[in-house]
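Structure first, commentary second.
The values are calculated or read from the model by the stated rules, or taken from the named source; none is laboratory data. These numbers come from a predicted model, not from an experiment. Cβ coordinates were reconstructed from backbone atoms using ideal geometry, including for glycine residues, and neighbour counts include every protein chain displayed. Accessible surface areas use protein heavy atoms only, side chains included; no ligands, DNA or RNA. Shrake-Rupley method; radii C 1.70, N 1.55, O 1.52, S 1.80 Å.
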Amino acid sequence: MEVLLAKTAGFCPGVKRAVDMVYEETNKGNVYTYGPIIHNEEVVNDLESKGVCVIESEEQLRKLKSGTVVIRSHGVKREIYDLIKEKELELVDATCPFVKKIHNIVDKDSAAGYQVIIVGNRKHPEVEGICGWCNAPPVVLETVEEAEKLSGLEEKPVSLVAQTTFNYKNFNKVVEIFREKGYNITVYNTICNATEERQKETASIAKQVDAMIVIGGKNSSNTQKLYNISKKECANTYYIQTLVDLDLAAFESVGRVGITAGASTPNQIIKEVHGSMAEDFGTMFEASLAEESRISVGKLVKGEVIDVKEDEIILNINYKADGIITKNEYSNDVNISLKDKVQIGEMIEAKVIKTNDGDGQVLLSVKRVAAEKANEKLEEAYNNEEVLKGVVTQVLDGGLIVTVEEARVFIPASLVSDTYERDLTKYKDQEIEFKITEFNPRKRRIIGNRKMLIEAEKKAAKEALFARIHVGDTVEGTVKNVTDFGAFIDLGGADGLLHISEMSWGRVDNPKKLFNVGDAVKAIIKDIQGEKIALSLKFEDTNPWLTASDKYAVGNIVTGKVARMTDFGAFVELEPGVDALLHVSQIAKEHIEKPSSVLSVGQEIEAKVVDFRLDEKKISLSMKALLLEDEVAEGEADSEE
């Protein structure tokens, strides 16, 4: 089978820019996207696993108190920018530059009195966003038929723009219709170059193949258009989201197949599909048979080793030509030494893979015999759902090749882990565990799944964790992520939230100054609500109020730092977790309007405890009392003189 992969398939520059911008924000915490960043569930789900939440409405946006809001690649209306500014949220604008250009056009032309006409899907978020930049109600046309029916614009200048992913041919038809109507029209071809090229290439490939695969999210407008274009040229067109949706049985008798993908389809999904097609329909052995004798491709033969060289083994197979086993056909281990493994006189069983290697000798394979035997074990493991171990011997664009006793298992990138792995090279030469979820050696399709083991392991760990923990328990964990509002602690099965207010008996301004990812933490379980675990570092034996009665008894003179001020007084931190009120009337002998006119935050002061209430955890101080005592002492000293 010949596979034609479109050069333009996958992320367009605007989508790649938007996705990269969101991933750069994931380490901040409190990150939101206004709507899905792109129309692809795989990307959106991966971002969600990294803490990025999707906001679906203005109402949700209004409820945010802090955080970063990323504007999706489709763009949004002007009011959303204003609301983000009003809420004092951090803004990251990932709007596609092509879409941004349209916003500027309709903003300017509508303000100048033009009637803006937008050709595109009126319910698509990109079109909704464009409408939100018009200073007067625009007209949205979805089809050529709607353009033909439109009337009443003869006396008004018209500004015509298109959704960036709109069908290029249909847009040109709309332009021709308007010109025939005699409208005073200014045309802006705002269809993205990448979209136009992708549509043209899709049509071209679809004309050349027997079947066509279009990959993309089910809600992706540009992918749907690619499917429609392909379907017109090739009846056997299949729309899939991932490799899982691909029914290979439909391609068994296909000679040529084409593959393309929408602008929001990640490259690893395209590579998985392309790699799977090649893996399934590749030819494993040479098909031609020798014209004479028992030596034929695929046959098993036994021979005596008559010589061993650095890169090959020579066998006497009782044939007019010797048998040759190259190092590559002896083992998948490139570091193996043939002279250490094989001795002259030894009998070896091998499979014929070529009756003539070009030098008149028979090319044999030992590792393929071992692979067939290993395949029997793999089939048994598949039927019994056993967990296997294997070494990653090759890293492909679309996944991993794992070797189990010379048998090769393909693990697609999406099944390597329960989260998206950008760099698979870290698995090279590593031994990993997995299960066989698809077994068809005849088509060279043996698919492994490591993701399901990780998910099962995490589920078991979570169940075990929740079975043993209770409110009040002391637990140990590792800092997984630090945000402005707290730290997430990995407890070995689930994460617990250590809120900023529970990090110390005193005030904490910035959690990132206290914790780093990887730090070991011992904490108390404060609360458990469903799968949410609230942690605290406020251990009761470190509660500063346990010894406060003696330290801050009425009449004691204490020192502390001004922590914060109000109009009625200043709060003084005597120690972390113990604050006292210095009322404005107790700061000085004379009348003071505001504490800030005399004191400053961080200033160290000395005062007298004038009230202590342990049950309410309230302490009142007076600087004035000390000043009066000093006056009395000075008066007594003067009288003695």
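Note on the chain: with charges restricted to the Cβ of Lys and Arg (+1) and Asp and Glu (-1), its dipole about the Cα centre is near 2600 debye. To the nearest ten degrees, helix 193-208 and the longest principal axis of the Cα atoms of the chain are 20 degrees apart. Its relative contact order, with pairs defined as Cα atoms under 8 Å and 6+ residues apart, puts the stretch 307-448 at 18 percent.
Is the C-alpha gyration tensor of the chain telling us rounded, prolate or oblate? Criteria: a/c under 1.5 is rounded; beyond that, a/b larger than b/c is prolate, otherwise oblate. Numbers along the way, then the final one.
Values: a/c = 3.94, a/b = 1.48, b/c = 2.66.
Judged from the Cα gyration tensor, the chain comes out oblate (a/c at least 1.5, b/c at or above a/b).
Bridge orientation summary for the stretch 445-602: considering DSSP beta bridges with both residues in this region, about 90 percent are antiparallel.
Run through the DSSP bridge list for the chain and note the antiparallel percent, rounded to the nearest 5.
65 percent
Accessible area of MET623 (1.4 Å probe, protein heavy atoms only, ligands and nucleic acids ignored): about 40 Å². Charging the Cβ of each Asp and Glu at -1 and of each Lys and Arg at +1, and nothing else, the dipole of the stretch 538-641 about its Cα centre rounds to 700 debye.
Divide by every residue of the chain the summed helix terms, -39500 (n - 2.57) for each DSSP H run of at least 4, and state the resulting mean residue ellipticity at 222 nm, rounded to the nearest 500 deg cm²/dmol. After summing the helix terms and dividing by residue count, I get -9000 deg cm²/dmol. Considering only VAL52, GLY152, TYR188, and ranking their Cα positions along the charge dipole of the chain that arises from unit charges at the beta-carbon of Lys, Arg, Asp and Glu, the one farthest toward the positive end is GLY152.
Is the C-alpha gyration tensor of the stretch 1-121 telling us rounded, prolate or oblate? Criteria: a/c under 1.5 is rounded; beyond that, a/b larger than b/c is prolate, otherwise oblate. Oblate is the answer for the stretch 1-121, as a/c is 1.5 or above yet b/c matches or exceeds a/b. Rounded to the nearest 10 degrees, the inclination of helix 97-111 to the longest alpha-carbon principal axis of the chain is 60 degrees. For helix 451-468, what angle does its Cα long axis make with the longest principal axis of the chain, in degrees from 0 to 90 and rounded to 10? Roughly 30 degrees between the two axes. Each of the peptides 301-308, 268-275 was scored by the mean count of other Cβ atoms within 10 Å over its residues; in descending order, highest first, they stand as 268-275, 301-308. When a/c reaches 1.5 or more, the comparison of a/b and b/c decides; with that in mind, is the stretch 90-228 rounded, prolate or oblate per its Cα gyration tensor? Oblate, since a/c reaches 1.5 and b/c is not below a/b. When +1 charges are put on Lys and Arg Cβ atoms and -1 charges on Asp and Glu Cβ atoms, the dipole computed for the stretch 408-484 relative to its Cα centre reaches about 680 debye.
Starting from the stretch 500-590, pick out the chymotrypsin sites (Phe, Trp or Tyr not before Pro) whose DSSP state is loop and whose Cβ has at most 14 other Cβ atoms within 10 Å. Those satisfying the criteria are PHE539, PHE568. Taking all protein chains as shown and a probe of 1.4 angstrom, GLU372 keeps an accessible surface of around 80 Å².
Each of LEU497, VAL31, ILE215 was scored by the projection of its Cα onto the charge dipole of the chain, and the greatest displacement toward the positive side belongs to ILE215; charges sit on the C-beta of Lys, Arg, Asp and Glu. When the trypsin sites (Lys or Arg not before Pro) in the stretch 543-641 are filtered for DSSP coil states and for at most 15 other beta-carbon atoms within 10 Å of their beta-carbon, the remaining sites are LYS589, LYS617. Of the trypsin sites (Lys or Arg not before Pro) found in the stretch 190-265, those that fall in a DSSP loop while having at most 13 other beta-carbon atoms within 10 Å are LYS218. What number comes out for the charge environment of TYR168, summing +1 per Lys or Arg and -1 per Asp or Glu over other residues with Cβ under 11 Å away? Local net charge: +3.
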